[in-house]
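Right, one structure below, let's go through it.
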């Protein structure tokens with residue numbers, strides 16, 4: 001992935017490996033996957049040893065994002081190679097999922113995305129996709145409700 005030099009990598013990225021190459025775009029998917037790659041380790045995935053590829057389809061082609069996970073260590077690339085799980089989804093829908101506007105399981109039940117391979121990995125991957133903004137863990141919510149008496 002190349003970052004346009006006159007812009008922040010947090011806001012604008014160039015999609016390399018797709019027909020959209022050279023087009024300046026704000027891309028939540030790139031932010032998510034880029035952040036995972038920079039962190040290098042995700043404690044929520046310490047039990048995982050797998051390769052997961054996301055194929056984000058759009059009018060100009062397909063953007064591939066490959067996550068190779070080894071005991072929580074994550075390598076991110078734009079490789080289009082075999083993976084234990086391949087998730088195919090419209091890029092605009094994936095952007096809404098990453099923004100917390102759409103639930104990944106609801107989209108799967110509506111057949112708006114497909115998962116091929118070891119679908120058990122989908123539960124692990126769900127852990128790294130942000131939830132809706134302002135969302136709280138159910139236990140934290142219950143504790144706060146208990147304090148209002």
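The values are calculated or read from the model by the stated rules, or taken from the named source; none is laboratory data. Being a predicted model, the structure only gives us computed values, none of them experimental. Here the Cβ positions follow ideal geometry from the backbone for every residue, glycine too, while neighbour counts run over all protein chains shown.
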**Q.** Spans of helices (runs of 4 or more DSSP H) in the range 31-138 with at least 2 residues modelled with pLDDT of 90 or more and surrounded by 15 or more Cβ atoms within 10 Å (Cβ to Cβ)
**A.** 91-98
Q. Which condition number in (1) out of contact with any strand residue (DSSP E or B) (no Cβ under 8 Å at 6 or more places or on another chain); (2) more than 16 Å from residue 30 (Cα to Cα) is the one that residue 82 fails?
A. (1)
